[in-house]
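Report on one structure; see the data block that follows.
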Amino acid sequence: MHSAAPVLTGLTALPGSGQVKLAWNATADASTYNLKVSTLSGPPYTTLATGLTAASYTSAALTNGTT
């Protein structure tokens with residue numbers, strides 16, 4: 001049986017030209033993070049990164065003006 005994923009808190013996004021820096025509060029129950037994004041308010045999601053050990057990530061090569 002799988003336990004529920006810990007809930008992330010404190011997510012912030014700092015935009016830049018063609019990039020965004022994401023940061024969140026580290027979760028004691030998580031040893032790694034998988035980052036998924038969507039241009040919608042729900043699925044489908046695209047995996048951006050897996051196995052992140054830090055509570056932050058900078059995504060580059062983005063299109064300015066895309067939500």
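The values are calculated or read from the model by the stated rules, or taken from the named source; none is laboratory data. As the structure is a computational prediction, the values presented were derived from the model and not from experiment. Quick reminder, even Gly has a Cβ in these numbers, built from the backbone with ideal geometry, and neighbours come from all protein chains shown. The area values use the complete protein model at the heavy-atom level, side chains included, leaving out ligands, DNA and RNA. Shrake-Rupley method; radii C 1.70, N 1.55, O 1.52, S 1.80 Å.
Numerical summary
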item	result
Carbon and sulfur %, accessible surface of the chain computed with the full protein complex present, 1.4 Å	56 percent
Selected from G51, G18, G42 as most flexible by GNM, with the chain as the system and alpha-carbon contacts under 10 Å	G42
The chain, accessible area per residue, ligands and nucleic acids excluded (1.4 Å, Å²)	78 Å²
Modelled FRET efficiency - R0 25 Å, L48 with T9, Cβ distances, 0.05 increments	0.80
Principal axis box of the chain, alpha-carbon based, largest edge first, Å	40, 24, 19
Inter-label distance for A55 and T67, nm, one decimal - labels placed 7 Å from Cα along Cα-to-Cβ	2.8 nm
